1. With the condition kept exactly as written, say whether any residue in region 130-142 is within 17 Å of the chain's Cα centre (by Cα), at pLDDT below 95, of a type in the set (D, E, K, R) and buried (at least 18 other Cβ atoms within 10 Å of the Cβ).
2. What single numbered condition from (1) crowded, with 17+ Cβ neighbours inside 10 Å; (2) among the charged types (D, E, K, R); (3) part of a strand (DSSP E or B); (4) in contact with an Asp or Glu (Cβ under 9 Å, 6 or more places away or on another chain) fails to hold for Glu82?
3. Going by the conditions given, is Ala312 open to solvent by less than 70 Å² (accessible area, probe 1.4 Å) and over 24 Å from the mean Cα position of the chain (by Cα)?
4. Just checking, does region 326-341 include any residue being surrounded by 21 or more Cβ atoms within 10 Å (Cβ to Cβ) and closer than 25 Å to Pro72 by Cα?
5. Go through (1) more than 12 Å from Tyr241 (Cβ to Cβ); (2) open to solvent by less than 30 Å² (accessible area, probe 1.4 Å) for Thr96 and report which single condition fails.
6. Would you say Val317 is assigned to a strand (DSSP E or B), open to solvent by less than 40 Å² (accessible area, probe 1.4 Å) and touching a helix residue (DSSP H, G or I) at 6+ places or on another chain (Cβ under 6 Å)?
7. Residues Thr210, Thr224, Thr175, Thr145: which one is hydroxyl-bearing (Ser, Thr, Tyr) and either at pLDDT below 55 or in a loop (DSSP other than H, G, I, E, B) (or both)?
8. Considering only residues of region 242-266 that are under 27 Å from Thr101 (Cβ atoms) and exposed (fewer than 12 other Cβ atoms within 10 Å of the Cβ), which is nearest to the chain's Cα centre (by Cα)?
Amino acid sequence: MNRRRLLAAGVTAALAGCVSYPGRDEPPSSEEVISDAIETRRHMTDLQARRIMTVETPDETVERTERIARKPPAKQRIDVLESTDPDVPSGAVTVTNRATTWEYNPSEEVVDKQYHPNKVDADRTRLVLEGLLEESRLGYEGVETVDGREAHVVETKPPVEDIGPTIELVVGETTFVVPLRTTGDPDAMDVSRIVWIDDEYRYPIKERNTVTIDGEARHRLTVTYEDLLIDEGLEPGTFTYDPPTDATVVTEGRKPKGVFETRAAATELTPYDLPQPTVPASYTLDRVTVVEKAERFGTTTTLWYNDPTVVARELYVAVREVQRFNPDVLETIEIDGHTAYRRDGRIQSVFWSCDDLHYEVSSLTDDTPLLEIASSISCP
């Protein structure tokens with residue numbers, strides 16, 4: 001397993017909300033506490049904490065202490081306070097907001113600035129928890145104390161049928177692929193994941209992932225959150241970043257022409273009129289991005305809507321001057337007498353063209369009424 005990839009992991013550990021089991025003498029089941037953690041995550045506003053990450057192998061132990069701040073699903077800040085990892089030294093900083101990611105490496109005095117104004121932000125933490133609940137073999141292991149708090153210990157193992165040429169370990173926002181062929185015998189490899197769920201808040205406060213081969217622990221990753229503050233609000237400017245004056249800034253991705261709070265403001269920069277889609281009442285307009293690509297791709301405008309009460313419940317409407325979908329691989333449907341195309345999968349989408357413009361309505365959630373939203377636009 002690549003040690004650098006291990007240390008670059010963003011491991012899920014957070015507290016939020018408050019759930020209790022009054023009048024109960026027996027402990028909750030592992031399924032119950034993870035289900036509560038999923039529900040807590042859905043409505044989390046922000047968190048800040050010290051995060052301690054330790055990677056152990058037969059040859060070495062590496063540790064990193066970070067100060068983190070998060071506003072899920074898209075915004076996060078990580079300041080490395082102490083580190084024995086030369087690839088991620090003390091003083092390293094990562095700041096991500098909706099449109100941009102900054103990564104500062106003090107040992108090289110370089111800042112990587114990546115533009116991603118139209119990146120879809122799934123709630124990776126919630127998806128990981130749902131995967132544990134739906135796919136893993138769970139075992140309740142009692143209660144332990146973590147950072148002065150009582151926590152329920154849940155051990156998880158991959159489903160038996162998933163043991164094959166590789167095993168994917170999803171830790172926070174990173175997927176690790178562990179090649180079983182290194183042992184010559186897949187049955188000799190064991191993967192375990194232990195999650196400590198805080199008793200008061202019902203949300204992960206610690207996580208440990210261990211890969212054992214022939215009875216020997218080959219890789220162990222442990223993450224603990226200390227001094228957590230949940231939904232207490234964050235300082236203004238937490239997710240903005242000013243590079244050091246002596247650092248070299250390297251950029252990638254296409255810088256947007258603008259990111260706007262209103263449709264009217266964005267229209268001033270677009271070569272076409274923007275639609276006014278009818279979206280469910282729980283959704284509000286979050287932002288409008290205008291990106292001018294190479295001349296042959298024209299200008300793309302994306303209207304982003306989200307439900308402010310649920311993390312990562314969002315949809316978007318895109319308008320393009322150049323068709324970017326392939327009708328041959330999509331399901332043909334009809335909307336108000338016009339031919340349209342539907343895509344199912346991780347992102348649910350509806351595409352259609354009208355005159356010289358091309359439209360897309362997409363969402364990460366299965367309950368979004370995409371056809372109704374598309375019908376409200378149709379051919380403006």
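1. No, that holds for no residue.
2. Every condition holds for Glu82 apart from (1).
3. no
4. No, region 326-341 has no match at all.
5. Just one mismatch for Thr96, condition (1).
6. no
7. Thr175
8. My answer is Glu252.
The values are calculated or read from the model by the stated rules, or taken from the named source; none is laboratory data. Just so you know, these numbers come straight off a predicted model, no measurement behind them. Cβ coordinates were reconstructed from backbone atoms using ideal geometry, including for glycine residues, and neighbour counts include every protein chain displayed. Note: areas computed on protein heavy atoms with side chains; ligands, DNA, RNA excluded. Shrake-Rupley method; radii C 1.70, N 1.55, O 1.52, S 1.80 Å.
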